[in-house]
Structures are given as C-alpha cells and as structure tokens.
1. Looking only at segment 68-103, how many residues end up being part of a strand (DSSP E or B) and touching a residue at least 60 places away in the same chain (Cβ under 8 Å)?
2. Taking the condition part of a loop (DSSP other than H, G, I, E, B), under 15 Å from residue 210 (Cβ atoms) and outside the structural domain of residue 120 (by TED's automatic domain parsing), does residue 16 pass?
3. For segment 104-131, how many residues are under 16 Å from residue 83 (Cβ atoms) and in a helix (DSSP H, G or I)?
4. Of the conditions (1) touching a residue at least 60 places away in the same chain (Cβ under 8 Å); (2) surrounded by 15 or more Cβ atoms within 10 Å (Cβ to Cβ); (3) over 24 Å from residue 212 (Cα atoms), residue 153 clears all except one; give me its number.
5. Answer yes or no: is there a residue in segment 246-260 that is assigned to a strand (DSSP E or B), crowded, with 20+ Cβ neighbours inside 10 Å, touching a helix residue (DSSP H, G or I) at 6+ places or on another chain (Cβ under 9 Å) and modelled with pLDDT of 95 or more.
6. Give the residues of segment 1-13 that are assigned to a loop (DSSP other than H, G, I, E, B) and either surrounded by fewer than 24 Cβ atoms within 10 Å (Cβ to Cβ) or touching a strand residue (DSSP E or B) at 6+ places or on another chain (Cβ under 6 Å) (or both), sorted by residue number.
7. Outside the structural domain of residue 23 (by TED's automatic domain parsing), over 30 Å from residue 218 (Cα atoms) and in contact with a helix residue (DSSP H, G or I) (Cβ under 7 Å, 6 or more places away or on another chain) - does that describe any residue in segment 114-122?
C-alpha cells in the first residue's frame, strides 16, 4: 500500500461528524476513509475535559492501527480540548474543525459581528474565543451554548415543533448580538440548518465547518491525487450498530453500507 492509498481517519462522539465525512467524500472521491462514531459514550459536550481527552486519544489509537495517514477531529468538543494532546501523540497530521469554520465565518461577515453556537463543553472551553482573537482580533464574537441540539439530531429529530421552540430559546443571545454570520460550532448542527435558519432569519449567513475542514484536508494532502479508483469507506461505532446504520444512511447517504461494532475494554 502506497502512502496515498492509506485512509484518512475521521471521528466524532456520534453521527455529527458524518457531515464532515460527506464533504470529504465529495471533495476526495477516490480516497479511502475510516469513520469512528463513539456513540456508546455520546455526548461529549457535557463531559469533563479530561474524559474527552482520554476518549479522543483512544479513538486516535484505533485509527492509527488502521494505518490512517491523517486524522480529522470532526467533533468540536474534542477539538476544543484535545488537539495539543493528540498532536503530541503522533506525527500523523491531525486536523480540527474550529479554525476552518471560524475563518469562513470571518470571510462571510459584513458587519464584523459573528456568532458561534456549540455544546456547553465547546463554548465553555473558550476555544472559539481564543481562535477568534488570533484570526480576527477586531471582530466581535458572540457565543451561545445549545444543550439539547445534539440529542435531537442523534434521535433523528431535526425539524419538529419541539426543536423549533428550543432553537428560539437557545439562539436568543446571538440574535440579540445582531450577528450577520453564524458559525455552526458542532458538526451535528448542519443537520438542523433549516430550523436554525428559520429562527435566525434570512439576513444571517450560516457557516458549516464541514466543507471548510474538507478543503483544508485537501490542501494539506498536497497536489498529488489518486487516480480514479473505487474508494473504501469504513464505519465503526461503539454503540448500537443498527441505529448507527439507519441514522447514518439518512444523514450521509448510500455510502453507509456496513457498520462494524467496536467494544471498549
């Protein structure tokens, strides 16, 4: 197996990272991809940072054992607290979703007022605030935690009245801040984009980190590309395989053919 034929690893606490997986499949159609959804320990957002770092390290070891040549941390909660530890663990490039999403948000804003929504763990970590201070020191950043969004997505409910009412309450701080751009700081949130857009209004641009992260992966891989070939897409879950396969197919598409169970020791 050549270096180019080694897979790209992607992981998240559950299904949200499939939005990044979708973007990678579309942008790199001939590259092999391995996805790990840690659904048995989902969600990461409310968990202690030390636990999230430990979980992330364990998953990275699983992906490295499958000879991943690059790893995408498609989980904002993990990216907000574990990147330094993960990068110290291996020489394999490790890409997060925070900086790509923020860069896109700052490019899109006309007013300089950008909002970020994420899990409690992501927002309270200060990772987006620190990244914003480096990327765009003069910009105004309004952050809001959205507990409950992830659980609705993982349950397959993305457009019910309950979700809409919750969104109205949780998005109130970024609406009050008069942002013109909203970064979806959780890879689950693009699946709620219709509801979020409805609540935010037509003048607010929604930015998903999924596509921006995929572009960054392609740039880091360099100019050498695989020729047309049949790419292999593998899926692992630490939770219920049937649930992952059903919801994964709904959110990602026909690429979710076989899901393999993973049991933590």
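1. Start the filter on segment 68-103 by keeping residues that are part of a strand (DSSP E or B), which leaves 70-73, 94-95.
Checking the rest, the ones that are also touching a residue at least 60 places away in the same chain (Cβ under 8 Å) come to 70-73, 95.
Residues meeting the conditions: 5.
2. yes
3. 8
4. Every listed condition holds for residue 153 apart from (3).
5. Of the residues in segment 246-260, the ones assigned to a strand (DSSP E or B) are 259-260.
Next, from what is left, pick out any that are crowded, with 20+ Cβ neighbours inside 10 Å: 259.
The next check asks that each one be touching a helix residue (DSSP H, G or I) at 6+ places or on another chain (Cβ under 9 Å); those that pass are 259.
With the extra rule that they be modelled with pLDDT of 95 or more, the set shrinks to 259.
Yes, segment 246-260 contains at least one residue that is assigned to a strand (DSSP E or B), crowded, with 20+ Cβ neighbours inside 10 Å, touching a helix residue (DSSP H, G or I) at 6+ places or on another chain (Cβ under 9 Å) and modelled with pLDDT of 95 or more.
6. Scanning segment 1-13 gives 1, 2, 6, 7.
7. No; the residues of segment 114-122 include none that is outside the structural domain of residue 23 (by TED's automatic domain parsing), over 30 Å from residue 218 (Cα atoms) and in contact with a helix residue (DSSP H, G or I) (Cβ under 7 Å, 6 or more places away or on another chain).
Okay, residues lined up against (1) in contact (Cβ under 8 Å) with a residue 24 or more places away in the chain; (2) closer than 25 Å to residue 61 by Cα:
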{"position": "159", "(1), (2)": "yes, no"}
{"position": "165", "(1), (2)": "no, no"}
{"position": "199", "(1), (2)": "yes, no"}
{"position": "203", "(1), (2)": "no, no"}
{"position": "213", "(1), (2)": "yes, yes"}
{"position": "236", "(1), (2)": "yes, yes"}
{"position": "257", "(1), (2)": "yes, yes"}
{"position": "265", "(1), (2)": "no, yes"}
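The values are calculated or read from the model by the stated rules, or taken from the named source; none is laboratory data. Only a predicted model underlies this, so the values are computations on that prediction, with no experimental measurement involved. Here the Cβ is made from the backbone with ideal geometry for all residues, glycine too, and neighbour counts use every protein chain on show.
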